[in-house]
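A.B. asks: I'd like to ask some things about the structure below.
Each reported figure results from applying straightforward, stated rules to the coordinates on display, with no laboratory input. This is a predicted model, so every value here is computed, not measured. For neighbour counting, all protein chains shown are included, and Cβ atoms are generated from backbone atoms with ideal geometry for every residue, glycine included.
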Amino acid sequence: MNVKGTIRFEDLGEPVQRLLRSLKGGYTEEDMALLEYVSVKDMARIYGEMSSERHAEEIWEELRAALKVRQEKAARRELELRNRQRQIEADREADERARREQEALEEAERQAAEARRERHETLRKIREEQAEEEAAAAAAEEAALLAAEEEKLRRKAEKRRKRQEARERELQEQQEALEAERKKHAAGTSASQKKAWEEYVASHPLEFGNGNQSIEQKHVEHKLRAPPSATTDLLNRTYTPKCPNCATKFMSPPKEWDCPLCLRRTRQHIKVWQPDDSSSECMICHAAIGRFSRHHCRSCGRLVCDTCSMAKAIIPALGFNAATKICDDCAQMGQRPKETF
């Protein structure tokens with residue numbers, strides 16, 4: 001279905017398309033114009049709420065009200081940017097008028113100075129005819145006067161030039177800041193929400209593992225506090241590997257827990273295991289751990305204390321071909337070859 005509007009139906013995110021198809025009353029061109037302001041968070045929320053028992057009309061009304069607020073806010077922002085642009089142009093015109101007036105005033109002063117120089121020259125010639133000493137004194141006085149006057153004009157011109165350059169830099173900085181803000185504002189409203197949604201799904205593989213699956217709720221049995229035999233398949237899922245530098249998530253740990261993207265791009269060894277600041281206690285015995293008493297299990301990536309990380313094992317799948325430190329839970333699983341204790 002194609003509707004003439006600000007954004008095409010096929011460019012909408014998958015959750016928004018599904019919501020529109022579920023509306024009994026359909027939607028209008030005004031609604032399509034509002035959908036330009038849908039964010040990725042909105043699509044994620046629609047994705048979750050469509051799996052609940054809430055009606056599509058109720059979800060749509062809430063989303064529509066929020067989009068109207070964003071549309072009005074964007075319009076006010078655009079009006080503010082246009083007003084600022086007009087203010088900058090008015091300031092430029094005022095500065096140009098002031099510059100022309102200053103130049104006219106300086107030209108009048110220059111002409112007056114020229115007239116004074118001509119009068120002084122006439123006076124000097126008269127005094128030369130009267131006496132050589134008087135002529136020399138007059139010449140010295142004239143030279144000093146002219147030098148002082150020229151120095152005054154030079155200082156005024158230099159001061160005016162610096163002031164004008166500073167004002168030009170200020171206006172240029174304001175113009176650049178305005179253009180940067182306008183570009184940032186324009187980039188915030190992407191023309192393809194569908195692409196943004198696909199990137200969001202791709203960066204959250206554990207939340208959206210299969211893009212073609214239907215949205216439904218399922219009861220998941222909580223086994224994290226069950227006996228060791230029940231947690232065999234859960235130990236490596238208690239923490240999803242995630243790079244703290246580029247925020248990439250991984251379905252399974254990479255080689256030696258190093259982020260392959262950062263290693264390829266910047267040649268940095270960024271560990272994707274559980275961050276040091278995420279817990280102040282051991283993930284197995286829950287005892288307090290300090291800066292020098294915390295360790296990372298090379299098998300599951302969790303934070304453990306000295307007592308719970310006495311075991312070692314060889315883990316070829318993760319690139320550990322020599323015995324390396326693992327936690328007691330992973331050691332008891334018995335799934336790692338060549339374990340040594």
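A.B. asks: Want the number for R64 to E168: 0.36 nm per residue separation, take away the alpha-carbon distance, what's left?
C.D. replies: In short, 32.9 nm is gained.
A.B. asks: Relative contact order (percent) for region 9-188, with alpha-carbon contacts under 8 angstrom and 6 or more residues of separation? Numbers along the way, then the final one.
C.D. replies: Numbers: 56 pairs, mean separation 32.1, N = 180.
Result for region 9-188 is 18 percent.
A.B. asks: Sticking with this one: Using 1/(1 + (r/R0)^6) with R0 = 22 angstrom and r between the beta carbons of K325 and R265, what's the FRET efficiency to the nearest 0.05?
C.D. replies: Computed FRET efficiency for K325 and R265 comes out at 0.15.
A.B. asks: Please label the shape of region 1-140 as rounded, prolate or oblate, based on the square roots a ≥ b ≥ c of the eigenvalues of the alpha-carbon gyration tensor (a/c under 1.5 means rounded; beyond that, a/b larger than b/c means prolate, else oblate).
C.D. replies: prolate
A.B. asks: Further, regarding this structure: Could you check the simple spin-label distance between Q175 and K159, using points 7 Å along Cα→Cβ, in nm with one decimal?
C.D. replies: Rounded to a tenth, the inter-label distance reads 2.8 nm.
A.B. asks: Mind giving me the FRET efficiency for K152 and A94? R0 is 25 Å, r the Cβ-Cβ distance, nearest 0.05 is fine.
C.D. replies: 0.40
A.B. asks: Applying 1/(1 + (r/R0)^6) with R0 = 25 Å to the Cβ-Cβ distance of A33 and R77, what FRET efficiency is obtained, to the nearest 0.05?
C.D. replies: The calculated FRET efficiency here is 0.90.
A.B. asks: Residues with amide H under 5 Å of T240's amide H, sequence separation 5 or more or different chain, H placed in the peptide plane at 1.01 Å from N; which?
C.D. replies: none
A.B. asks: Ranking S309, S39, S278, S293 by Cβ neighbours within 10 Å, fewest first, what do you get?
C.D. replies: Ascending number of Cβ neighbours within 10 Å: S278, S293, S39, S309.
A.B. asks: Right, here's the next one. Is the shape of region 249-341 best called rounded, prolate or oblate, per the rule: a/c under 1.5 gives rounded, else a/b larger than b/c gives prolate, else oblate, with a ≥ b ≥ c the square roots of the Cα gyration tensor eigenvalues?
C.D. replies: Note, shape of region 249-341 comes out oblate.
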